[in-house]
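Structure incoming, see below.
The values are calculated or read from the model by the stated rules, or taken from the named source; none is laboratory data. All figures in this text were calculated on a predicted structure; none of them were measured in a lab. Cβ placement follows ideal geometry from the backbone for every residue including glycine, while neighbour counts extend to all protein chains displayed. The protein model used for the area step is the full one, side chains on, heavy atoms only, and it has no ligands, DNA or RNA in it. Shrake-Rupley method; radii C 1.70, N 1.55, O 1.52, S 1.80 Å.
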Amino acid sequence: MRIGLSYDLKETVATERAIGDDAFEEYDSPETVELIAASLEAEGHTVTMLGGGREFLSKILQEKVDFVFNIAEGRGIYRSREAQVPSILEMLDIPYSGSDPQCLAICLDKPLTKKLVASEGVSTPKWRVIANRQELRQIDSCDFPFPAIVKPAYEGSSKGIHLTSVVEDTQQAMEVVESLLEQYQQPAMVEEIILGDEVTVGIVGNSPPLVLGIMRILPKQRNGYFFYTLEVKRNYLDLVDYECPAGLEEKALQQIQISSLKAFKALGCRDFARLDFRISPQGVPYFLEMNPLPGLGTHSDLVIMAQKTGWSHRQLISAVLKAALERYPKCVCV
Ligand SMILES: Nc1ncnc2c1ncn2[C@@H]1O[C@H](COP(=O)(O)OP(=O)(O)OP(=O)(O)O)[C@@H](O)[C@H]1O
Ligand SMILES: [Mg+2]
């Protein structure tokens, strides 16, 4: 099959407007793109590099491809940016891997995602959205459970999430919210902190979707509380141990598995996804967020999890592709 690969490289997007030092954190490296292309070629396909943005627009009209393997994160600071490439592919009626524009747009909006997942009975930490400076004053009047974490509402890759994002009271929350509103030009959310283990869950397939693994993320130095911040993700080799399967109690593992599949279905995810939980000291898993377009580079959590489960990169890419091809031309998996 002739497969087009759509992607956004850090170095290409860096020519656009930069906001902060993490402005390009979600974008991919040439090594990741080469790795995915090599895995697709090893399965017998020919690969055409389509890139992203304007380059993608002209190449998708010129090149003859049967299918697009999409890892493009999209351009700008829009909350629907991950939906850009899949929307164009739907307009041209070209089949592609991964979730559809609606799912991708919802999942980059963390508060909206949490509402949908909570409506399925999945526990998620309490939260408040602060959309602008006027709403800042309202935090004062509510009895929000502190400590809390303050994060941008429409980001991933731990953009805007540092140790200083953890706040103990209203005053500190207001300061962090104000700086996020300014820096990220989007609402901020204040979320109850769940102090306990952190796990990330990989899902592959559609009928039915299968939990590939539940991986616990442990700090190498076990002093104080651990958060998987931007700084930790950038230096994961020195700071983090990955444990898969996660050494948790059977009851917690079962609960995580059930909640993960409920979230995948509720949000309309397809083919693959990765989602994060924190587990309370009482053993209750709390859903944090869904990534329907998780990283596929060697340093990415899903790839690390796959390798710990005995899957090569090629097997992971092949499973995603197979899931996409099997469901096509269905738009939604039921
Ligand atoms: N409510 C919370 N309680 C405890 N820790 C939290 C909470 N929210 C976020 N964190 C910490 O911050 C990290 C990043 O948060 P989150 O997963 O929401 O961000 P992200 O940028 O979407 O991540 P990803 O890189 O997976 O896309 C989490 O992995 C966790 O360590
Ligand atoms: Mg996360």
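What's the number of the only condition in (1) in contact with a helix residue (DSSP H, G or I) (Cβ under 8 Å, 6 or more places away or on another chain); (2) away from ligand 2 (no atom under 16 Å from the Cβ); (3) open to solvent by 30 Å² or more (accessible area, probe 1.4 Å); (4) under 21 Å from TYR236 (Cα atoms) that ARG314 fails to meet?
Tallying (1) in contact with a helix residue (DSSP H, G or I) (Cβ under 8 Å, 6 or more places away or on another chain); (2) away from ligand 2 (no atom under 16 Å from the Cβ); (3) open to solvent by 30 Å² or more (accessible area, probe 1.4 Å); (4) under 21 Å from TYR236 (Cα atoms), ARG314 fails exactly one: (4).
A further question follows. Would you check which residues across segment 233-260 are in a loop (DSSP other than H, G, I, E, B), within 19 Å of GLN307 (Cα to Cα) and open to solvent by 90 Å² or more (accessible area, probe 1.4 Å) and list them?
Of segment 233-260, the ones in a loop (DSSP other than H, G, I, E, B) are 235, 244-249.
Those still in the list that are within 19 Å of GLN307 (Cα to Cα) too: 244-247.
Selection gives PRO245 alone.
Could you please give the count of residues in segment 273-298 that are more than 10 Å from ligand 1 (Cβ to nearest atom) and hydroxyl-bearing (Ser, Thr, Tyr)?
Of the residues in segment 273-298, 1 are more than 10 Å from ligand 1 (Cβ to nearest atom) and hydroxyl-bearing (Ser, Thr, Tyr).
I'm trying to understand the selection: among the residues of segment 83-125, which are open to solvent by 30 Å² or more (accessible area, probe 1.4 Å) and closer than 25 Å to PRO281 by Cβ?
Of everything in segment 83-125, those that are open to solvent by 30 Å² or more (accessible area, probe 1.4 Å) and closer than 25 Å to PRO281 by Cβ turn out to be ALA118, GLU120, GLY121, SER123.
In segment 277-293, which residue that is closer than 19 Å to ALA105 by Cβ and open to solvent by 10 Å² or more (accessible area, probe 1.4 Å) is farthest from ligand 2 (Cβ to nearest atom)?
Start the filter on segment 277-293 by keeping residues that are closer than 19 Å to ALA105 by Cβ, which leaves 287-293.
Narrowing the set further to residues that are open to solvent by 10 Å² or more (accessible area, probe 1.4 Å) leaves 288-289, 291, 293.
Numbers: LEU288: 6, GLU289: 5, ASN291: 6, LEU293: 12 Å.
Looking at the filtered set, the residue picked out is LEU293.
Would you check which residues across segment 62-91 are hydrophobic (A, V, I, L, M, F, W, C) and in contact (Cβ under 8 Å) with a residue 12 or more places away in the chain and list them?
Going through segment 62-91, the residues hydrophobic (A, V, I, L, M, F, W, C) turn out to be 65, 67-69, 71-72, 77, 83, 85, 88-89, 91.
Matches in segment 62-91: VAL65, PHE67, VAL68, PHE69, ILE71, ALA72, ILE77, ALA83, VAL85, ILE88, LEU89.
Being modelled with pLDDT of 95 or more, open to solvent by less than 20 Å² (accessible area, probe 1.4 Å) and more than 13 Å from ligand 1 (Cβ to nearest atom) is the requirement here; does LEU267 meet it? First the steps, then the outcome.
Numbers: modelled with pLDDT of 95 or more: yes; open to solvent by less than 20 Å² (accessible area, probe 1.4 Å): yes; more than 13 Å from ligand 1 (Cβ to nearest atom): yes.
Considered against the rule, which asks whether it is modelled with pLDDT of 95 or more, open to solvent by less than 20 Å² (accessible area, probe 1.4 Å) and more than 13 Å from ligand 1 (Cβ to nearest atom), LEU267 comes out as yes.
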